[in-house]
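**Q** If you scroll down you'll find the structure; I have some questions about it.
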Amino acid sequence: MNKLSTDYTEILTDALKNIMSSLYDLEIDPDKVIINHTKKEFKGDYTVVLFPYVKQLRKNPVEIGNAVGQRMLEEVASISEFNVVAGFLNLSFNNDYWLGQATNIFEEAQYGQHLVHGRKVMVEFASPNTNKPLHLGHIRNILLGWSCSKMLSAAGYDVIKTQIVNDRGIAICKSMLAWKEYGNGETPESTDSKGDHFVGKYYVLFEKKFQEEYKEWQQSEKGCEVYDNREVAEMDEATFFKKLKNEYFNTYSGIGRRSKDLLIAWENGDEEAVELWKRMNGWVYEGFEETYERLGVTFDKLYYESDTYLLGKDTIKHGLDKGLFYKADDGSVWIDLEEEGYDQKILLRSDGTSVYMTQDIGTAMARYRDYALERMVYVVGDEQEYHFQILFEILKKLEEPYADQLYHLSYGMIELPEGRMKSREGTIVDADDLVEEVVEEARKSSLERGELAGETEEEKNAILRKIGLAALKYSIIKVTPKKWITFNPKESVDMQGQTGPYIQNAYVRIKSILRRDDAIDLGHIASYSLHDDEKDLIKTLIDYPELVRQSAESLNPADLANYLYNLAKTFHKYYHDFRILKAESTEAKSFRLMMISNIAKVLNHGFELLGMEMPERM
């Protein structure tokens, strides 16, 4: 059997280009040829849309379709018949073509992997603050960033996976101050705590102490004076003081002032402040690494806000000299973007300390300097959409060469059935605990089915971790990034639903069949006559490489996740409808073993791109 191109678009586009030139002396743009799957109500496999050429040729679309279809039939060996519906040319491919495609997939070791074209893209994800552990929201961020990175790499990009570690600023100083004032010298080791959990405890403690102070101040003479002197109309005291919280922190709070003093001391290089900062951040980094390892995530390059904010500050000073920015009466630095449809944005505080925008400007510049990137993708929640619009606009004002190639991959909130979480109040859903909870749900589900009874405890734990992580990851990735998610750990391990374990089950079942008999004879396959359902299954597999490319370009792993679920569902139906090991002929058996092997290959490759693993048994 001759090996045929797996790209039907290439076959049909080349044929159409030659036929249009030969029949009508019309040169067409191959990139604008439209080819779709033929709709179920019409006969055919693929449809060439001819309407774009009707106006140019001034001919009836059916006449064009019949002429082009006849030539296709004569010149393309793999086409068996055609029909025309208005301006749609429906083409059917012959049995040999489909067998050739199935064989190509079987023989292609890296099916779904595109040729490397070398264009550089950096994907920023995770990017935590060093004042608390990674939580449920970070998990969605990490899974989106990791899967997009893997898909872009499969689509041929040179991908650099990075994060900006937010290791400085007022939030970090809150944890530092709380430990300094209330920690009594305890450490993660002395309390047998994971480092990021330990530091996060002090971030929560700071908020507790701040709230206690604020509540006391509201009842004080000064607090009553502030309330009495404001024009608050009919606003009650509770509402007034809730709105005043940020002003209180910046103007009246003692613990707030001490945390800001610590920030200024750090920025001025105070030895004691810097030593405390290094020690506490070191504890957090050790904790982060444990979580990343559990999730199977690595980075190629780390950037730290403590480095990049300095470049940002220098850039703002240069921009001030050029008149791009302006200085307010209190000494703070701003940019006016009202003409661009935004507002005025602060870039440096009056005390000279930086804001997030300062750091982000410096980080973008550092990355381009390091890698000469053609594209940067920021994976950050939808609450920061306005921030990134402003950032991108500022970089355009600064005439940065990469400013038009920045993209904010915005995603929605993720919740548990119990509702939202607030890290400052200590109601955070910890990433480590969530992973263990889902693994435990997988364990309960497995015990109910009794399917791992013959495995050793070590093997069992390894399998359950793969199942649990797939349950967690798939439940999040299958949802389009823009949508909000309610994640239910129990539902995520359901073997009958649209879940990661359901897809794993299809793969494991295939591997079980192949362990019993994997004698695939390609010589026998050449004489096999396909059923329509088998042809449709080959079509689905043929679409996989293009789906990978499109999912990468659109930065939407949900498309790939849903494709894998539908492929797994199709396999389960195929397994039910067609005999495999006890097929009606040697030809049928060899073909069907090859087909399920192809399905397993695509399921496994797609799972890898989404950051999940397949068990051999479950």
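**Q** Glu212 - would you say it is of a type in the set (Asp, Glu) and either closer than 30 Å to Arg119 by Cα or modelled with pLDDT of 95 or more (or both)?
**A** Criteria met by Glu212.
**Q** Looking for something in the same structural domain as Gly145 (by TED's automatic domain parsing), loosely packed, with under 15 Cβ neighbours inside 10 Å and out of contact with any Ser or Thr (no Cβ under 9 Å at 6 or more places or on another chain) - is there at least one such residue anywhere in the range 299-312?
**A** No, there is no match, as no residue in the range 299-312 is in the same structural domain as Gly145 (by TED's automatic domain parsing), loosely packed, with under 15 Cβ neighbours inside 10 Å and out of contact with any Ser or Thr (no Cβ under 9 Å at 6 or more places or on another chain).
**Q** Scan Lys132, Lys209 and give me the residue that is assigned by TED's automatic domain parsing to the domain that holds Met280 and not in a loop (DSSP other than H, G, I, E, B).
**A** Exactly one of Lys132, Lys209 is assigned by TED's automatic domain parsing to the domain that holds Met280 and not in a loop (DSSP other than H, G, I, E, B), namely Lys209.
**Q** Could you grab me the full set of residues in the range 87-117 that are free of Cβ contacts under 8 Å to residues at least 60 places away in the same chain and touching a Gly at 6+ places or on another chain (Cβ under 8 Å)?
**A** Gly87, Phe88, Leu89, Asn90, Ser92, Leu115, Val116, His117, listed by residue number.
**Q** Please determine whether any residue of the range 207-216 is touching a residue at least 60 places away in the same chain (Cβ under 8 Å) and of a type outside the set (Lys, Arg).
**A** yes
**Q** Does any residue of the range 158-166 turn out to be outside any helix (DSSP H, G or I), in contact (Cβ under 8 Å) with a residue 24 or more places away in the chain, within 16 Å of the chain's Cα centre (by Cα) and under 15 Å from Phe288 (Cα atoms)?
**A** Yes, some residue in the range 158-166 is outside any helix (DSSP H, G or I), in contact (Cβ under 8 Å) with a residue 24 or more places away in the chain, within 16 Å of the chain's Cα centre (by Cα) and under 15 Å from Phe288 (Cα atoms).
**Q** Could you check, for the range 102-118, whether at least one of its residues is farther than 30 Å from Phe210 by Cβ, within 16 Å of the chain's Cα centre (by Cα) and of a type outside the set (Lys, Arg)?
**A** No, every residue in the range 102-118 fails to be farther than 30 Å from Phe210 by Cβ, within 16 Å of the chain's Cα centre (by Cα) and of a type outside the set (Lys, Arg).
**Q** Kindly list the number of the only condition in (1) among the charged types (D, E, K, R); (2) closer than 25 Å to Lys466 by Cα; (3) surrounded by 20 or more Cβ atoms within 10 Å (Cβ to Cβ) that fails for Arg592.
**A** Status for Arg592: all satisfied but (2).
**Q** Check whether at least one residue in the range 75-96 is assigned to a helix (DSSP H, G or I), among the small types (Gly, Ala, Ser) and touching a helix residue (DSSP H, G or I) at 6+ places or on another chain (Cβ under 8 Å), and report yes or no.
**A** The answer is no; no qualifying residue exists.
**Q** Related question: With respect to Ile542, determine if the residue is among the β-branched types (Val, Ile, Thr), touching a residue at least 60 places away in the same chain (Cβ under 8 Å) and closer than 18 Å to Val438 by Cα.
**A** no
**Q** OK, next. Can you report the number of residues in the range 13-61 which are basic (Lys, Arg), under 20 Å from Glu81 (Cβ atoms) and more than 34 Å from the chain's Cα centre (by Cα)?
**A** Residues that pass the stated criteria total 1.
**Q** Kindly list, by first and then second residue, each pair from a residue in the range 406-421 that is farther than 14 Å from Val123 by Cβ and modelled with pLDDT under 90 to a residue that is part of a loop (DSSP other than H, G, I, E, B) and among the polar types (S, T, N, Q), limited to pairs with Cβ atoms under 6 Å and residues at least 6 apart or on different chains.
**A** Cβ pairs passing all conditions: Pro417/Asn488; Met421/Thr427.
**Q** Something else now. Just to be sure I understand, how many residues within the range 23-36 are surrounded by 14 or more Cβ atoms within 10 Å (Cβ to Cβ) and part of a strand (DSSP E or B)?
**A** Residues that pass the stated criteria total 1.
**Q** Separate question: Only one of Trp266, Trp334 is in contact (Cβ under 8 Å) with a residue 40 or more places away in the chain, out of contact with any Lys or Arg (no Cβ under 6 Å at 6 or more places or on another chain), among the aromatic types (Phe, Trp, Tyr) and more than 21 Å from Thr162 (Cβ to Cβ). Can you tell me which?
**A** Trp266
The values are calculated or read from the model by the stated rules, or taken from the named source; none is laboratory data. Just so we're clear, the structure is a prediction, and the values are computed from it rather than from any experiment. Note: ideal-geometry Cβ built from the backbone for every residue, glycine included; neighbour counts use all protein chains shown.
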